[in-house]
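Scroll down for the structure; my scribbles are underneath it.
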Amino acid sequence: MVGKAHRRLKIAILGSGGRLGAALARAYADEHEVIGFDHAKLDIGSAGQIDQALAPCSFDVLINSAALTNVDYCETHEEEAVRINADAVRQIAEICARKNARCIHISTDYVFDGEKTSPYCEKDDAKPISVYGESKRRGEIELLGVSEKNLAVRVSWVFGPDRPSFIDAILKRALESDHAEAIGDKFSAPTYTLDVAELLRPFLRDISEGGLLHVCNTGECTWRDYGRFAIDCARAAGLPVRAQKVGSLKMAEMKAFVAKRPVYTVLATDKLARLTGKTPRSWQNAVEDYVANKVAPALR
Ligand SMILES: NC(=O)c1ccc[n+]([C@@H]2O[C@H](COP(=O)([O-])OP(=O)(O)OC[C@H]3O[C@@H](n4cnc5c(N)ncnc54)[C@H](OP(=O)(O)O)[C@@H]3O)[C@@H](O)[C@H]2O)c1
């Protein structure tokens, strides 16, 4: 018997020029019709633009990966942070509700205060300690206030080939200088954008469950562990690494930080595993894959 062929979905992706949005857009285009909105095409800080761009557009699923992500900038630009990270989310979710479209919104581990010492699950209280974290938490509340069928996906320490992040900066440093350093007293889990795309794929159609969902690679580390491991991978991939050691910095010494950062924000992925039957691979496996297959070939 021939299986029933699935109709291609129309998926709108906001923030399609960003690190995660670009990876999602590319991944889902293999199976679905993707309509990408980058910042130049749609400024979600403008209610008028949101209506103009989305109201006439037809789609089955919308993924909002657009956000004001600079934690220190948000700290001194609260009105803008709330407009983009919370008010816009309500408006986008309301448009989705009128179209009967699934709304998947990307959120953050920074909704937590970092006081725990074991992984945060979706039921844990969100108590942000920065304007960024607060604006993102309000975005989740707005999203789920419109419909509990919507999905708020929290990720942490996002890395991937579409836009440089911490890992690319420390690798660059290790190639150019004999010394690299990173914060050794802040803990989370790196999240590979290509893994997020595959882990979220079932939620586009097959899994209709809404609410909060934690998605990240498994395990936990400090920024220093993360950097040190990435540098080891670069060396193993044959890149001419100069730095022999990664020095340890303390968060308290980071004078350039304007906003407070939570110390511990490892996300538990048990709910994801329960719903999908899949446990994300470890952060080490994901980093190794990224360095060997994306970073090294581009630098050789
Ligand atoms: N990066 C992390 O480590 C991390 C950690 C936890 C959660 N997250 C969440 O993950 C999501 C994706 O972030 P990312 O890592 O992909 O960062 P990103 O590359 O900064 O992506 C955010 C995108 O939003 C766009 N954007 C900013 N303001 C906008 C506006 N007013 N209208 C429309 N687009 C706007 C940015 O465009 P421009 O750059 O052109 O302005 C960028 O393309 C965000 O919701 C973020 O809060 C990220």
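Using only side-chain charges placed at the Cβ, +1 for Lys and Arg and -1 for Asp and Glu, the dipole size of the chain relative to its Cα centre rounds to 640 debye. Comparing Ala12, Leu299, Leu272 along the charge dipole axis of the chain, the residue lying farthest to the positive side is Leu299, per the Cβ-charge model. Structural descriptor for the chain: relative contact order 20 percent, calculated from alpha carbon pairs under 8 angstrom and at least 6 residues apart. From most to least packed by mean Cβ count within 10 Å, the peptides 175-182, 155-162 give 155-162, 175-182. Our helix-only sum for the chain, with -39,500 (n - 2.57) per DSSP H run of n ≥ 4 divided by its residues, gives a mean residue ellipticity at 222 nm of -10500 deg cm²/dmol.
Each 20 Å bin, from zero up to the one with the longest distance, holds this percent of the alpha carbon pairs of the chain: 33, 58, 9, 0.
Each of His6, His214 has some number of other Cβ atoms within 10 Å of its Cβ, and from fewest to most they run His6, His214. Averaging the sequence gap over all C-alpha pairs within less than 8 Å and six or more residues apart, then dividing by the number of residues, gives region 1-92 a relative contact order of 33 percent. The residue among Leu68, Tyr110, Gly145 whose Cα reaches farthest toward the positive pole of the charge dipole of region 58-154, with charges on the beta-carbon of Lys, Arg, Asp and Glu, is Gly145. Beyond 20 Å, what share of the Cα-Cα pairs of region 150-300 is found? Please give it as a whole percent. The share of Cα pairs beyond 20 Å in region 150-300 comes to 51 percent.
Read the figures in this text as sums done on the coordinates, not as results from a lab. Everything numeric here is computed off the predicted structure, so don't read it as measured data. Every residue, glycine among them, receives a Cβ derived from its backbone with ideal geometry; neighbour counts consider all protein chains shown.
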